[in-house]
Each structure stands twice: as C-alpha cells, then as structure tokens.
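The values are calculated or read from the model by the stated rules, or taken from the named source; none is laboratory data. Because the structure is a prediction, the values reported are computed rather than measured. FYI the Cβ positions are ideal-geometry reconstructions off the backbone, even for glycines, and counts take in every protein chain you see.
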Amino acid sequence: MRHFCFVSVVLVLICSVMADDKTNSPLVTRQQTKLNLKGAELILSAAQAKATDMKVAMNIAVVDDGGHLITFARMDGARPASVPTALTKATAAATFRQPTGPLPANGEPNLLLSLGVPAAAAASGGKMTTLKGGVPIVVDGQVIGAVGVGGGSGEQDAEVAQAGINMLLKALAADSKAP
C-alpha cells in the first residue's frame, strides 16, 4: 500500500509539472559561458607576471563558478601557509559572487574578527573568508569563476587577481573583434 501511495504522489507531481507549462520555462539551462583550463591558465600566467613585477611571491588559485579548482600555482618563495588561504579566497569569491574582504562596513580592522577568520573558514569547509584577495571572474554579466591570491597584503592580493582577470577579458574582447 505504501508503494502504491508513493507512486501515486509521484505521478500527481509529474502531471502537475507538465500541466503547469504555462510559463514555458526550460527544464535545463543551456549555452552557459564556462571557464576552461586554457582561460584559467591565461589568468594564472598574467597574475604570476603581475606578482613578479611587484616582487611578491604568491599563491594563486583559479576556480570555476562553483569554487572547484581549475589551476593553481605556488610561486617560488611563497609562504606555504597561504596555499589554503588562496583557495578559500577563490572559492568564496566564486560562490558568494563578490570580492572577498572585511565584513565591517567601514573596513576597519577588528581583532576579534581577525581571530575568527580561520575558524570561520574551517567551519564553512573553506568556503568563506573575510580576507581581501578573492575576485570573481565576470563575463557577459555572469560569474564564471574566481581568482584567489595569498602571500601579499590584501590589496596586493586583489591587485594580482584582477590583473589575471583583466588579461582574460582583454583576450576575450580581442577574440570577439576577430573576423
């Protein structure tokens, strides 16, 4: 009897979904812009060049829109402790769809907040941080991934991440103008 009731409920739900086709909404999303390895490697290369120009050894992570790692580099001399920080910044920027940074609106440092950053990152499974240096990659108004950088000051990290993203956007613009 339970099996019959379950099957009946499922059939009713399927029929109601099919009958409610007034909105003509698709069942799947097609033709999305996705960041691939070639694009991620271009970003990584440009970010490394910027970090080299700044004379700061950094850890640089490039992730897709879900925060999954595509490529990563730990530059010679970069602090090993900044590896998970770069990954967390990239994941947070991708999944929250915004740059990472301090929570207080005025951006003033807060000792309690600073002490809570590692705990927040650990509690969130490495998906949240209040440190600067995570920047989403936006193409055609859609977040397709993010870059997370660790090893410099927050401002330096964000600058390196943005340099990588700018190179991708420049290459995409050049591609769209090609005949």
Restricting attention to region 137-163, the residues that are over 22 Å from PRO102 (Cα atoms) and of a type outside the set (Val, Ile, Thr) number exactly 3
The one condition PHE4 fails out of (1) part of a loop (DSSP other than H, G, I, E, B); (2) modelled with pLDDT under 95 is (1)
From the option list GLY152, GLY145, GLY164, single residue qualifying as part of a strand (DSSP E or B) and closer than 17 Å to ALA90 by Cβ is GLY145
If you go through VAL135, VAL143, the only one that is at pLDDT 95 or above, under 21 Å from LYS50 (Cβ atoms) and not hydroxyl-bearing (Ser, Thr, Tyr) is VAL135
Counted residues in region 40-70 being in a helix (DSSP H, G or I) and under 20 Å from ALA158 (Cβ atoms) come to 14
Flagged in region 56-86 as touching a residue at least 60 places away in the same chain (Cβ under 8 Å), closer than 21 Å to MET167 by Cβ and hydrophobic (A, V, I, L, M, F, W, C), in numbering order, are VAL56, ALA57, MET58, ILE60, ALA61, VAL62, VAL63, ILE70, MET75, ALA78, ALA86
